[in-house]
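Just so you know, all these numbers are worked out from the coordinates, no wet-lab data involved. Owing to the predicted nature of the structure, the values given are computational and were not obtained by experimental measurement. Cβ placement follows ideal geometry from the backbone for every residue including glycine, while neighbour counts extend to all protein chains displayed.
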Amino acid sequence: MSMRHVVRLLSRAAALAALVLVARPSVSAAQHPARGPNIPQVARTAGQFSTLLAAVDAAGLTETLIGRGPFTLFAPTDEAFKRLPNGTVTDLLKPENREKLVTLLTYHVLPGRVTAAQARTVSSAETVANQKVQLRDVDGELRVNNAVVRIADIPASNGLIHVIDRVLMPQAPPCDNNSSSARRGW
C-alpha cells in the first residue's frame, strides 16, 4: 500500500474523529474526560498498524494507551515492522519476552502532546521507557533516531500520533549479570 493511500486513510480517520466529536451526545467531563477516538482507535481506523496494535495488546499496554494521557506515539506502520529481521516480531510476542516488548513499545511514546513543530525545536526527548530518542530536521523531514516521520500530528482524544517508517530500537542497557536487564537479553 502506498504512502498516499495511508495518508488518505489517516485523513479519513481524522474526519471520522471530528464527526464523532460533533455527533456524540453530551456527556459529563467526569464520565468522559477526553472525547473522541483515542490513540488505539485512531490507529485501528487507519488500518496500517495491525502489528503495532497486536504488540500493544500482547504487552498489556492497551488500557494505558486508551487512558487519559496525553501521549505522543511514534507509530511504526506494518511495513516498518516487516523491515525487522525475520522472526523478530514473533519472538517479541512470546510471553517470556513481554518485558522486552514493553520496553520496545514504550520507547515509541513520549509523555505529553508533542507536535512535529515542537519536536523540531529540540534535539532529544525522554520516552516513557526512560530512554531518549534523538529528534532532528533533515532537509524538511522530521527524524526520530533513524526513522522518518511520514505523517505528523494526527489528533486523538488523548494525544497525537506521528507515523514513522521504522521501528525504533531502544538502547541495550549495560550488561550486569545480577540485573533484570541481563535476563531480558538486550
Q | Qualifying aspartates and glutamates (Cα of each under 13 Å from Cα of LYS100; at least 8 residues distant if same chain) | A | ASP91
Q | region 60-88 residues near the modelled SER50 label - backbone nitrogen below 11 Å, point 7 Å along Cα→Cβ | A | 78
Q) By how many nm would the segment from ARG98 to LYS82 lengthen if fully extended, with 0.36 nm per residue of separation less the alpha-carbon distance? A) 3.8 nm
